[in-house]
Every structure is written in C-alpha cells, then in structure tokens.
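Below you'll find the structure, written out as structure tokens, and then a few comments.
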C-alpha cells in the first residue's frame, strides 16, 4: 500500500522536491508548476479551465525563455482534452520519442543485493559520474564543453543544498555506473541512472537502487519514486518491488 503523500510525489515530483539555489527554481501557481534549470524546464500539475489553456502556454513560454520544456500530464490534469489542446498550440511528441512514463513507488526495501557503491563526496567523483552519463546518453562534444565549464560550480551548489545526491557503482575496481536521487521530505526521486557499456548486465543498476533506498532510510524518509520508461527501466524496477502508481504523458516544446 503506497501512502497518499508518496503517490503524490510519484505523480508530480517537481512540486515536492528540494531545489538547488542558483541552479534550479520553481514557479508554482494554482494552475501549474514550472521547474527551471540552467538548460531545461519541466511543466507539471496542470489544473486548468478550458479557456485558460492558451494563456497558460503563453505564460509558460515567457517563464522558460529559450529552454526546451517538457510538459508532463498526470491523470489529474485538466481539462480532459488538454493534450489535444497543447498539441494544437505547438507542443510535440518529445524528441527522445518517449511519450509515456510509468510513475512507480516503493516503501519497502528493493529486492536486490547491494553492489559495490559509494556516495559521491568529492569533485573528482562528481566529474566521474557526469562523464559516465555523457557516455551513456551520447551527449555531444559541444554540450559536454558547455557543461564542463560549470562542473565545479554545480558540484559546490549541490553539496551545499543536498538537493541532489549522486552515487557511483564499481566493477573490476573501476567506476562503471552512476545514479542520483533528488531529495524531498516524502522520499527520494530516482534520476540519472547510467551504466558504461562494458559493465552492463552485472546488476549495477539494481545495486544503485539499493544504495538510494539505504540513503532514504538514513534520512528517515523510507520511500523511493521514479518516472520511468515503461519499455526499459520500469520492468526492472517492478521486479525489485516497485508498484505502478499511474502513467504520465509527455509533450515537449518551447
């Protein structure tokens, strides 16, 4: 049984997660929530009257500027035809092709054995984690250069705020995988999982889920939530004991 507060965190995590001052901010209204990072933005918790949809899109576009924004429609989104209305106003299927996310949650220890993992607690470890993500996600050299210029500043901001916690996993004595979690007082949101191609199939993803569960317990908030691709990571997480709370539809646009 997933408690209502954890269900809400799984459905609209951007409303409840801790922010990193100077790097991530949140604009919250009765009709929507916008989360803004350096290069990205998300829009969620859309509760609109039919006549307000067009004006809301204009407001959000002013708020996010030239960032590419991901709009997430949970089951409580209103009006009922919101996706159709948003598409008519120029929003599109996400560039990555993932139109639906499975919102999953657990309040029990994941059914997996711990792997060799450690929490990132130095700039050197943080750079290693970021580089693993770059390789796994195929980030362009131009994007890497832009991010590399601010890595030290970003690490210090994350360390001070403790809003996002990164982990590394090891195979053959080498850093081989990374994952992160965003902190809230309801539990931890799982994000940023990546495994080097040479280390796949060794249980490192599962081990990093366990590491983040242990962190949630240490913090006194024993719950994990995630919005996962139903075709890839969601089945793995369900085998570990996660329960699907709902499906969330995605649109993207500026």
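Given the conditions (1) out of contact with any helix residue (DSSP H, G or I) (no Cβ under 9 Å at 6 or more places or on another chain); (2) assigned by TED's automatic domain parsing to the domain that holds residue 33; (3) without any contact (Cβ under 8 Å) to a residue 40 or more places away in the chain, and given that residue 145 satisfies all but one, which numbered condition is not satisfied?
(2)
Would you confirm whether or not segment 127-149 contains a residue that is at pLDDT 95 or above, crowded, with 20+ Cβ neighbours inside 10 Å and part of a strand (DSSP E or B)?
No, every residue in segment 127-149 fails to be at pLDDT 95 or above, crowded, with 20+ Cβ neighbours inside 10 Å and part of a strand (DSSP E or B).
How many of the residues making up segment 150-161 are surrounded by 13 or more Cβ atoms within 10 Å (Cβ to Cβ) and either under 23 Å from residue 221 (Cβ atoms) or not assigned by TED's automatic domain parsing to the domain that holds residue 173 (or both)?
Qualifying residue count for the region: 4.
Filter segment 228-243 down to the residues that are touching a residue at least 40 places away in the same chain (Cβ under 8 Å) and either touching a helix residue (DSSP H, G or I) at 6+ places or on another chain (Cβ under 7 Å) or not in a strand (DSSP E or B) (or both) and list them by number.
Listed by number, the residues that qualify are 228, 229, 230, 233, 234, 237, 238, 239, 240, 241, 242.
Give the residue that is farthest from residue 176 (Cα to Cα), with candidates limited to residues of segment 192-209 that are outside any helix (DSSP H, G or I) and touching a residue at least 24 places away in the same chain (Cβ under 8 Å). Spell out how you get there, then give the answer.
The initial filter retains those residues of segment 192-209 that are outside any helix (DSSP H, G or I), namely 192-196, 200-203.
Going one step further and asking which of them are touching a residue at least 24 places away in the same chain (Cβ under 8 Å), we end up with 192-196, 202-203.
Numbers: 192: 14, 193: 11, 194: 9, 195: 6, 196: 5, 202: 10, 203: 11 Å.
Checked segment 192-209; the qualifying residue farthest from residue 176 (Cα to Cα) is 192.
The values are calculated or read from the model by the stated rules, or taken from the named source; none is laboratory data. Fair warning: this is a prediction, and the values are worked out from it, not measured in the lab. Cβ: placed from backbone, ideal geometry, glycine included. Neighbour counts: every protein chain shown.
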